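The values are calculated or read from the model by the stated rules, or taken from the named source; none is laboratory data. Predicted, not measured: the structure shown is a model, and the values here were computed from it. Cβ placement follows ideal geometry from the backbone for every residue including glycine, while neighbour counts extend to all protein chains displayed. Calculation scope for accessible area: heavy atoms of the full protein, side chains included, ligands and nucleic acids excluded. Shrake-Rupley method; radii C 1.70, N 1.55, O 1.52, S 1.80 Å.
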Amino acid sequence: MFEPTLYSGEPTKDYPLLRAQLAALIDGEPSLIANLANASALLWHGLKDINWAGFYLYEEASNQLVLGAFQGLPACVRIPLGRGVCGSAAAEKRTYVVEDVHAFPGHIACDARSQSEIVVPLIQDGKLIGVLDIDSPIKNRFHEIDQEWLEQMAEILMEASK
């Protein structure tokens with residue numbers, strides 16, 4: 001059983017705890033959907049000043065990202081590769097940290113409150129699986145420390161879900 005934790009709001013303290021909790025939650029579970037569901041809930045409760053945390057999964061037949069497990073308001077269901085922050089991160093297979101989503105060309109606004117965003121690609125054996133997407137109602141919410149730890153968590157998810 002998962003025990004709720006009071007997070008400090010300090011990334012250098014909270015991310016190591018979140019990473020350890022994620023590893024424990026998904027230990028021995030190969031189901032990608034189950035692991036993404038638990039990861040989105042964990043991030044939703046563990047990160048300060050966010051309004052959406054979830055995943056989009058790559059659908060090769062349509063060359064689009066399709067909404068997966070998430071926490072927050074209902075979201076856009078399909079995002080073409082190369083469009084918006086999620087589609088761009090997926091197409092380039094690299095993390096995007098966007099200080100002001102309104103300044104990002106082609107930004108897709110699913111939640112009007114979102115001001116900044118981080119999107120981490122999910123790569124397994126060199127193949128795009130999807131993206132981790134986290135939005136914040138605060139401009140410039142995400143920094144290098146977020147990128148570093150969220151990329152580690154994405155790797156843990158991909159390793160567990162083989």
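Between 88, 136, which is among the polar types (S, T, N, Q) and closer than 24 Å to residue 11 by Cβ? Criteria check complete, one pass: 136.
If you go through the stretch 49-78 and keep only what is more than 11 Å from the chain's Cα centre (by Cα), under 18 Å from residue 116 (Cα atoms) and in a strand (DSSP E or B), you end up with just 72. Being in a helix (DSSP H, G or I), under 25 Å from residue 127 (Cβ atoms), in contact with a strand residue (DSSP E or B) (Cβ under 9 Å, 6 or more places away or on another chain) and among the β-branched types (Val, Ile, Thr): is that true of residue 85 here? Considered against the rule, which asks whether it is in a helix (DSSP H, G or I), under 25 Å from residue 127 (Cβ atoms), in contact with a strand residue (DSSP E or B) (Cβ under 9 Å, 6 or more places away or on another chain) and among the β-branched types (Val, Ile, Thr), residue 85 comes out as yes. Scanning the stretch 98-128 for residues that are surrounded by 21 or more Cβ atoms within 10 Å (Cβ to Cβ) and part of a strand (DSSP E or B) turns up 98, 116, 117, 118, 119, 120, 121, 122.
When residue 2 is tested against (1) hydrophobic (A, V, I, L, M, F, W, C); (2) open to solvent by 30 Å² or more (accessible area, probe 1.4 Å); (3) in a loop (DSSP other than H, G, I, E, B); (4) modelled with pLDDT of 95 or more, just one condition goes unmet, and that condition is (4).
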